[in-house]
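Structure, as structure tokens:
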Amino acid sequence: MCYFCQRNIKQIDWRNAKLLSRYLSASGKIKPRKKTGVCAKHQRQLKKAIKKAREMALLPYTM
């Protein structure tokens with residue numbers, strides 16, 4: 001079961017950089033679903049949140 005489904009999280013907040021950084025690789029790329037265990041719905045939300053956080057300079061584009 002997905003991390004976000006287990007905790008009943010409906011929306012992923014782009015301001016939570018600590019949580020989002022768990023889903024980035026060492027090079028700064030978004031980790032795939034197979035490695036993270038996130039469901040498809042939350043993976044799409046995660047992608048949008050990470051991209052928004054990068055725009056707002058909370059997360060780096062590359063590490």
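The values are calculated or read from the model by the stated rules, or taken from the named source; none is laboratory data. Being a predicted model, the structure only gives us computed values, none of them experimental. Backbone-built Cβ (ideal geometry, glycine too); neighbour counts: all protein chains shown.
Miscellaneous remarks
- Scanning segment 40-63 for residues that are in a loop (DSSP other than H, G, I, E, B) and surrounded by 16 or more Cβ atoms within 10 Å (Cβ to Cβ) yields L58, L59.
- Against the list (1) modelled with pLDDT of 95 or more; (2) exposed (fewer than 11 other Cβ atoms within 10 Å of the Cβ), the condition K10 fails is (1).
- Test: L20 is crowded, with 16+ Cβ neighbours inside 10 Å, out of contact with any Asp or Glu (no Cβ under 8 Å at 6 or more places or on another chain), of a type in the set (A, V, I, L, M, F, W, C) and in a helix (DSSP H, G or I): yes
- The condition of being farther than 14 Å from M63 by Cα and in contact with a strand residue (DSSP E or B) (Cβ under 8 Å, 6 or more places away or on another chain) holds for only one of K47, K41, K10, K34, that being K47.
- Residue ID - farthest from M1 (Cα to Cα), chosen from residues in segment 23-39 that are free of Cβ contacts under 8 Å to residues at least 12 places away in the same chain, of a type outside the set (S, T, Y) and surrounded by 11 or more Cβ atoms within 10 Å (Cβ to Cβ): K29
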